[in-house]
Amino acid sequence: MCGIVGYIGDGNGARRIIIDGLKRLEYRGYDSAGIALAADGRLAVEKSVGRIANLEALLASSPIDSHAGIGHTRWATHGAPSRENAHPHTNGDGSIAIVHNGIIENYAELKEMLIAKHGVSFRSETDSEVAAHLIGLFYEGDLFAAVNRAARELRGAYSICAMAAAEPDRIVAIRKDAPLIAGLGENCNFLASDIPALLKYARTIYLIENNETVLITRNEISIFNERAERVKRDVFHVTWDADAAEKGGYDHFMRKEIFEQPAGVAETLNRRLDENGGIRLDGISLTKRDLERIERIYIVACGTASHAGLAGKFAIERFARIPTEVDIASEFRYREPYINDRTLFICISQSGETLDTLAALREAKSRGARVLSVVNVVGSSVARESDDVFYTWAGPEIAVASTKAFTTQLICMYLLALYMGRTLGTLPDGEYERVLSELRQMPDRLSALLEDEPKLREIAKKIYKNERVFFIGRGNDVGVALEGSLKLKEISYIHSFAIAAGELKHGTIALIEQDSLVIALATQDRLFEKLLSNIEEVKARGARVIGLAKAGNREIEKQSDEVIYIPACADEVTPILAVVPLQLLAYHVAKLRGCDIDKPKNLAKAVTVE
Ligand code: F6R
């Protein structure tokens, strides 16, 4: 993620327009921001940590403005959120400035080459800074040529916007696998990573495609292909309002984020799979010796993240044969857990700022445990205080109800468990390959599953007036039942309750009566028949049942009033798929009930209080 904006026009005013645009892109990243303005033959760069408002406050005391500039709002990937790591980045003498969205995969080797061969000194820990130096290196008075030449050296995904002090009347941008648009204004033109940035000023847009370069001046937008030939592109007229545009046309961030899951899962996998398809844990030191020393693992988290921990426990115990406990962070620190230097403490957190999780982490650390965290926000407190960090690559999650963070956390837990099992020799090669291949298929399977949304909307219409819902499941389905129930209650305010299906008859079944609604998760082949018996138990008491099973397991249709299918897959990895229909169901139920989906009452995105 990250948002970029470029503007060039008449007279002064670039500063305000760029800041306006960045504010509209804050949903793409908000840990630091910066701007470069062409002023008096140089590029004036200002940056600050935190939200765009901080940058705006900083600029308030500066007289600098311009007719042209570029701006950036950052979602940290390489290097913590800091002023140095914020964009724009410049080359050595500050004559070239760039903003970048995406990841330059070969930045480490480029950095090494730039230092060794050209004596470049780097000011940040980012991957992006190499682009500024490379463009500077190839610059001979023609920014367009220098950007294209530099791009030949880059691998990865990027949109880069560049300016040269010597050419204040042009901005050049290039795109490969990261979004970029150009907007046509009146006596001015724009570049941006997304439409909301420029909607206030321009509604006529060019969508830039991969491997294209765009050159904007005040009067013209020119698009070129890889061979530097001019490309003719039809314009796109935007009819949405700014709010809708920020959500990419989705009604709510939650639905957008549900639909971003195939991409987030693919990204989280790609970051950790090497060319041969093996798992690489760069930056995480877990040798065979380290793993052999571990006596016990605690997975500690809150809410949705703790549900991801349950799948992690199943996977670690099954693949790596290490005793693993899942604990909720608010309880963990007060129960004197058995911890020593042979304990591995894994904490999972989307925000990395949840106070209970952070406190549990500190408690574990103070007692000698080694801490590995699974975190989405780079540079967050949990990430900073952990010995090792396994990042999820979900991108910013804006909706309070967590969706894409959960599925990417699951991917991290599976990769960790597989890695541990293989390293320890507890998981035969064939099994390792089998599960890994299942994970690799997840982005496509998730995309296929999301196509079932119309069916879930129809089911939502039938159930949204229920005031009570039970979720049941066994094995790997228990954690998903808990998560499905949490999603439903937090955004629709329906009283929902999840329980391991085998536990029903030990008390809770007393609540089942005529027309009670039960959502029964039956994705585990091993436990399928047992779950069918549990469905029988609630049916016998008059319950209405929505079954959730793998495609092909049609036996469940006989006992259920409705059935939701997920693509067939191995029992071990079903949570990645099974949660998605439950997210969509919760979403549509909440929508039909007229709830404020992205900001449910009483809840906050990051819980930084105990
Ligand atoms: C529910 C939800 C919460 C969070 C929990 C932990 O949809 O989002 O249950 O999962 O507050 O937050 P993080 O993961 O930021 O530590």
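The values are calculated or read from the model by the stated rules, or taken from the named source; none is laboratory data. Please read all numbers here as calculations on a predicted model, not as lab measurements. Note that we place each Cβ from the backbone using ideal geometry, even for glycine, and neighbour counts take in every protein chain shown. When the accessible area is computed, the model is the full protein with side chains, heavy atoms only, and any ligands, DNA or RNA have been set aside. Shrake-Rupley method; radii C 1.70, N 1.55, O 1.52, S 1.80 Å.
For the reader, a short list of remarks on this structure follows.
- The slack in the chain from Asp65 to Asp10, taken as 0.36 nm per residue of separation less the alpha-carbon distance, amounts to 18.6 nm.
- The overall shape of region 1-146 is oblate: from the C-alpha gyration tensor, with semi-axes ordered a ≥ b ≥ c, the ratio a/c is 1.5 or greater and a/b is no larger than b/c.
- Gyration tensor (alpha-carbon) shape descriptor, region 175-274, a/c threshold 1.5: oblate
- Cα centroid separation - region 1-65 against region 324-374, whole Å: 39 Å
- Atom-type composition of the exposed protein surface of the chain places 47 percent of the accessible area on carbon and sulfur (1.4 angstrom probe).
- Probe 1.4 Å - accessible area at Asp429, Å² to nearest ten: 100 Å²
- Using the Cβ of Asn225 as centre and a radius below 9 Å, the other residues enclosed give a net charge of -2, where K and R count +1 and D and E count -1.
- 16 Å Cα-Cα reach of Lys117 towards aspartates and glutamates, excluding residues that sit fewer than 8 places from it in its own chain: Glu109, Glu153
- Cα gyration tensor category, rounded, prolate or oblate, for region 3-242 with a/c compared to 1.5: rounded
- Trypsin sites (Lys or Arg not before Pro) lying in DSSP loop within region 231-309, provided at most 10 other Cβ fall within 10 Å: Lys232
- Ordered by 1.4 Å accessible area with all protein chains kept, Ser447, Ser381 run largest first as Ser447, Ser381.
- 0 to 90° range, to nearest 10: angle between helix 528-539 axis and the chain longest Cα axis: 70 degrees
- Net lengthening on full extension, Asp169/Leu355 (0.36 nm per residue, minus Cα-Cα): 62.1 nm
- The mean accessible area for residues of the chain, using a 1.4 Å probe and ignoring ligands and nucleic acids, is 39 Å² per residue.
- Checked against a 19 Å cut-off, the cross-linked pairs Lys404/Lys599; Lys455/Lys591; Lys487/Lys550 give Cα-Cα distances beyond that limit for Lys487/Lys550.
- For region 524-600 and region 241-319, distance of Cα centres in Å: 23 Å
- Filtered trypsin sites (Lys or Arg not before Pro), region 131-177: DSSP coil and at most 12 other beta carbons within 10 Å: Arg152
- Acute angle (nearest 10 degrees) that the helix 574-592 long axis makes with the longest principal axis of the chain, alpha-carbon atoms: 80 degrees
- Beta bridges assigned by DSSP with both partners in the chain are antiparallel in approximately 60 percent of cases.
- Phi to ³J(HN,Hα) by Karplus 6.51 cos²θ - 1.76 cosθ + 1.60 over region 450-455, Hz, x for Gly, Pro: 5, 5, 7, 3, x, 5
- For Ser32, distant residues with modelled amide H under 5 Å away: Gly50, Arg74
- Solvent exposure of Trp393, expressed as accessible area, is near 50 Å², computed with a probe of 1.4 Å over the protein chains only.
- Largest to smallest in accessible area, the residues Arg230, Arg468, Arg541 fall in the order Arg230, Arg541, Arg468 (1.4 Å probe, all protein chains included).
- Restricting the GluC sites (Glu not before Pro) of region 217-325 to loop positions (DSSP other than H, G, I, E, B) with no more than 16 neighbouring Cβ atoms within 10 Å leaves Glu220, Glu226, Glu229, Glu275, Glu295.
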